[in-house]
1. When you go through 165, 86, 160 one by one, which is the residue that is in contact (Cβ under 8 Å) with a residue 40 or more places away in the chain, farther than 23 Å from residue 324 by Cβ and not in a loop (DSSP other than H, G, I, E, B)?
2. For residue 154, state whether it is surrounded by fewer than 17 Cβ atoms within 10 Å (Cβ to Cβ) and outside the structural domain of residue 336 (by TED's automatic domain parsing).
3. Could you say which residue among 395, 369 is within 24 Å of residue 187 (Cα to Cα) and surrounded by 13 or more Cβ atoms within 10 Å (Cβ to Cβ)?
4. Would you mention how many residues in region 213-272 are of a type in the set (Asp, Glu) and over 22 Å from residue 19 (Cα atoms)?
5. Quickly run through region 61-83 and pick out the residues that are in a strand (DSSP E or B) and either β-branched (Val, Ile, Thr) or over 28 Å from residue 140 (Cα atoms) (or both).
6. Restricting attention to region 270-284, does a residue exist that is acidic (Asp, Glu), in a loop (DSSP other than H, G, I, E, B) and crowded, with 24+ Cβ neighbours inside 10 Å?
7. Give 420, 367, 371 a once-over and let me know the one that is among the small types (Gly, Ala, Ser) and modelled with pLDDT under 95.
8. Which of the residues spanning region 432-471 are of a type outside the set (A, V, I, L, M, F, W, C) and either part of a helix (DSSP H, G or I) or not assigned by TED's automatic domain parsing to the domain that holds residue 482 (or both)?
Amino acid sequence: MRPSTASTSLRLRAVGIDTDAENVAYLARGCAACRIDALRAASKVAIRAADAPDDAQPLLAVLNVVDGAGIVGADELGLSQQAFALLGLPEGTPVRIAPAPRPASLDGVRRKLQGEPLDLAAMRAIARDVVARRYSRSEIAAFLVACGRDDLERDEILALTRAMLETGDRLDWREPLVVDKHCIGGIPGNRTSMVVVPIVAAHGMLFPKTSSRAITSPAGTADTMEVLAAVELPMDRIRRIVERERGCIAWGGTARLAPLDDLLISVERPLALDSPGLMVASILAKKLAAGSTRLLLDIPVGPSAKVRSLADAQRLRKTFEHVGRAMGLHVEVTITDGSQPIGRGVGPVLEARDVMAVLANDPDAPADLRAKSIRLAGRILEFDPDVRGGDGEALARDILESGRAAAKMAAIVDAQGRRAVPLAPGRLVAEITAPRDGRVTGFDHLRLARAARHAGAPASPGAGLDLFVRLGDAVRAGRPLYRLHAETPDEFDLARRWCEADSGIAIA
């Protein structure tokens, strides 16, 4: 089709505003080329080059109207950083703007909000439109809330997993056995993956660990590994590292592995949403996209964990196994103790310190982190047909104690790009003390995690908590329960007030 002549063209301008996963367009209120009221009546606008035909694929964006010429002039159309990159036209290019039609897939979101289950076709349509940036953040949030309100049925989880997987690339390592390990989270510390990967890779099994950043926690595996080495690596470099070292610990966001999941997470994070159905689809889609053939899944159970009872853990286990089996992924689930934090540190730098102490066989390393890592690594080693059932844990312990795991971790860190200047815990420090004599009877994981996040973790890697007590420990009034670290005064004051109001540690 010929380009439309119904609208006057505007000059394209790059606006240096990071709007995360949302495309945003900016028009001056005094724009003479557009009827702004008509454009704002639509939920989004469609943007094309002025000489593009009407059937050319447009860029869809949310419209913001601005006053003053500091952002855009009256004859300009501004685009946020992400939108400008996606449009792919140089500044000054003539472009035209028109109201965008409403994505048809939003009917599926509306039906889900009304409690109707969605089939594969509906999930695929939503996935395609979200990845094509046809949804605003509020529309993505509506989909997430709809999925989390009554949770998803098993068939819906399977459909969403398939839809997520189809939105991106899928790696093929050309090996029959590619292992991975994942924890559903919710337990402060618990940085076992960074110990398990070098143990398993030192044995020779292929373990390409592509991890996410924290959503609601003070640190994800990628955040903690970034204390030691680069994690934002191009896929070709990740492939070379894995082929040479048999493992890596990298951020998965640089590869197009289930990109729908990354867009959903960008909205989940500030809303602190974390529904079971979405979690299953997110985890399995990412593992399948990364080329895994066998997955060990850790489900911690505890009074303040994500999963509070053994019955809930068993239901979640069956869902993971059902969806994994249908997608061709062998999933083995281990249900672990989630009654207290694992390790002493909560926050990237402090958690990395604990990991390196375990790998170095430091006698002062956290014993619980060491024991759990050996147990999980042993289960994965038994995926190797040459390792007899029941022998994996002893083999994992030998690899760790011999120093082979530490050497493998050093090789992986060097291959990914070792950090030149080591990071240190935050310089602003406060000790949070026991209000009375007694014994430690419980940990509020969510409150401790929020304390570390208030302190700045994971954005400030040195922020977090350094724990001094465990369940059952005797404490005296005025003695420290943990040390709070922060890097900026405002975050330090906020976190200290939060901790002093309620430490998150119960004493009876």
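1. None of the other options fit; the residue is 86.
2. Against the criterion (surrounded by fewer than 17 Cβ atoms within 10 Å (Cβ to Cβ) and outside the structural domain of residue 336 (by TED's automatic domain parsing)), residue 154 qualifies.
3. 369
4. So the answer is 4.
5. Selection gives 62, 65, 66, 76.
6. no
7. 420
8. 445, 447, 450, 453, 454
The values are calculated or read from the model by the stated rules, or taken from the named source; none is laboratory data. Treat the numbers as computed from the prediction; the structure is a model and nothing was measured. Positions of Cβ are generated from backbone atoms using ideal geometry, with glycine treated the same way; all protein chains shown enter the neighbour counts.
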